[in-house]
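*Asks:* Once you've had a glance at the structure underneath, I'll fire off some questions.
Coordinate-derived values only; no laboratory data. Computed from a predicted structure; not experimentally measured. Neighbour counts are summed over all protein chains in view; Cβ atoms, including those assigned to glycine, are modelled from backbone coordinates with ideal geometry.
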Amino acid sequence: MIKIAPSLLAADILNLARDVKMLEESGAHWLHIDVMDGMFVPNITFGPQYVSALRKITNLVLDVHLMVEKPERYIEDFCKAGADYVTVHCEATPHLDRTLQLIKFHGKKTGVALNPATDVRSIKYVLDKLDMVLLMSVNPGFGGQQFIESTYDKLNELKDLIGERKIEIQVDGGVNDEIGTKLVACGATVLVAGSYILNHTNPKKAIDLLKNISKN
Ligand code: DX5
Ligand code: ZN
């Protein structure tokens, strides 16, 4: 089954609890949390306190996407705050293997994110430490950007690299139901969608359309 992970970057920050409840009632599986540090990406968003506040109001899977330089500095904080998945960018640390071990040490699921220009082979030697690979289909930093078409080829390459391993394949950036259909056909198992779901006139309908993709 395809998992749907709405990005809270597109939520109403002053009505966050209301939006989380609405996403729960609309059948979202995970909540995708975009952490930006103003260094790795040009934008600044949330810290561990945001995750612990969310942890108190929802049982949905908290999927934390760290767009942060040297993420190893913050792994413990985000794990203790209640993250379920912690995803770091392979471009953001010279110590990817050590960082993944740290996430595992705290009992959480590991993810590695790849920017659009990063070769999938850069994660070849850490595959056995991964629960998820996140392919960025926009340049990270902002919601509402246009999907980058080369993601489809990259997905096919990633699938070959992963082989029989049980690793989730997440795609993030510019996803809607039409693009999602093609992504799932190429092997995506988790779809992140921010503006498509939260700016939709009927977010439940948007989630349903994404959820139904697997049945097509
Ligand atoms: C971009 C973030 C995405 C973003 C997706 O840096 O990683 O998660 O919120 O937003 P949309 O779906 O609007 O592209
Ligand atoms: Zn993200």
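Matching residues to (1) within 9 Å of ligand 1 (Cβ to nearest atom); (2) within 14 Å of the chain's Cα centre (by Cα); (3) surrounded by 15 or more Cβ atoms within 10 Å (Cβ to Cβ); (4) basic (Lys, Arg):
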| residue | (1), (2), (3), (4) |
| --- | --- |
| 182 | no, no, yes, yes |
| 185 | no, no, no, no |
| 188 | no, yes, yes, no |
| 200 | no, no, yes, no |
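*Asks:* Going by the conditions given, is residue 171 touching a residue at least 60 places away in the same chain (Cβ under 8 Å), surrounded by 19 or more Cβ atoms within 10 Å (Cβ to Cβ) and within 24 Å of residue 26 (Cα to Cα)?
*Replies:* Numbers: touching a residue at least 60 places away in the same chain (Cβ under 8 Å): no; surrounded by 19 or more Cβ atoms within 10 Å (Cβ to Cβ): yes; within 24 Å of residue 26 (Cα to Cα): yes.
It is false that residue 171 is touching a residue at least 60 places away in the same chain (Cβ under 8 Å), surrounded by 19 or more Cβ atoms within 10 Å (Cβ to Cβ) and within 24 Å of residue 26 (Cα to Cα).
*Asks:* Further, regarding this structure: Of the residues in region 103-127, how many are over 17 Å from the mean Cα position of the chain (by Cα), under 23 Å from residue 76 (Cβ atoms) and not in a loop (DSSP other than H, G, I, E, B)? Steps first, answer last, please.
*Replies:* Of the residues in region 103-127, the ones over 17 Å from the mean Cα position of the chain (by Cα) are 104-107, 117, 119, 121-122, 124-127.
Keeping just the survivors that are under 23 Å from residue 76 (Cβ atoms) gives 104-107, 126.
Now restrict to residues that are not in a loop (DSSP other than H, G, I, E, B): 104-105, 126.
Total satisfying the criteria: 3.
*Asks:* Could you run through region 1-28 and say how many residues are within 15 Å of ligand 1 (Cβ to nearest atom) and farther than 14 Å from residue 206 by Cβ?
*Replies:* The initial filter retains those residues of region 1-28 that are within 15 Å of ligand 1 (Cβ to nearest atom), namely 3-13, 16, 19, 23, 28.
Retained after the next criterion (residues that are farther than 14 Å from residue 206 by Cβ): 3, 8-9, 12-13, 16.
Going through region 1-28 one residue at a time, the tally reaches 6.
*Asks:* Are any residues in region 156-168 assigned to a loop (DSSP other than H, G, I, E, B) and either free of Cβ contacts under 8 Å to residues at least 12 places away in the same chain or surrounded by fewer than 17 Cβ atoms within 10 Å (Cβ to Cβ) (or both), and if so, which ones? If you could, list the steps in order and put the result at the bottom.
*Replies:* So in region 156-168, the residues assigned to a loop (DSSP other than H, G, I, E, B) come out as 163-167.
Result: 163, 164, 165, 166.
*Asks:* Quick check on my filter: what residues within region 51-84 are surrounded by fewer than 18 Cβ atoms within 10 Å (Cβ to Cβ) and assigned to a helix (DSSP H, G or I)?
*Replies:* Correct list: 52, 53, 55, 56, 57, 73, 76, 77, 80.
*Asks:* Specify which of the listed residues (134, 102, 127) is touching a residue at least 40 places away in the same chain (Cβ under 8 Å) and surrounded by 18 or more Cβ atoms within 10 Å (Cβ to Cβ).
*Replies:* Working: 102 fails: touching a residue at least 40 places away in the same chain (Cβ under 8 Å); 127 fails: surrounded by 18 or more Cβ atoms within 10 Å (Cβ to Cβ).
Going through 134, 102, 127 in turn, the sole match is 134.
To keep it simple, each residue is scored yes or no on (1) within 20 Å of residue 9 (Cα to Cα); (2) out of contact with any strand residue (DSSP E or B) (no Cβ under 9 Å at 6 or more places or on another chain); (3) more than 16 Å from ligand 2 (Cβ to nearest atom).
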residue	(1), (2), (3)
145	yes, yes, no
158	no, no, yes
170	yes, no, no
175	yes, no, no
180	yes, no, no
194	yes, no, no
206	yes, no, yes
211	no, no, yes
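*Asks:* Going by what's in this entry, would residue 213 be described as touching a residue at least 40 places away in the same chain (Cβ under 8 Å) and either more than 16 Å from the chain's Cα centre (by Cα) or surrounded by fewer than 22 Cβ atoms within 10 Å (Cβ to Cβ) (or both)? First the steps, then the outcome.
*Replies:* On the way: touching a residue at least 40 places away in the same chain (Cβ under 8 Å): yes; either more than 16 Å from the chain's Cα centre (by Cα) or surrounded by fewer than 22 Cβ atoms within 10 Å (Cβ to Cβ) (or both): yes.
Judged against the criteria, residue 213 is a match.
*Asks:* Sticking with this one: Looking at 153, 97, which is the one that is surrounded by fewer than 21 Cβ atoms within 10 Å (Cβ to Cβ), part of a helix (DSSP H, G or I) and in contact (Cβ under 8 Å) with a residue 12 or more places away in the chain?
*Replies:* Working: 153 fails: in contact (Cβ under 8 Å) with a residue 12 or more places away in the chain.
Exactly one of 153, 97 is surrounded by fewer than 21 Cβ atoms within 10 Å (Cβ to Cβ), part of a helix (DSSP H, G or I) and in contact (Cβ under 8 Å) with a residue 12 or more places away in the chain, namely 97.
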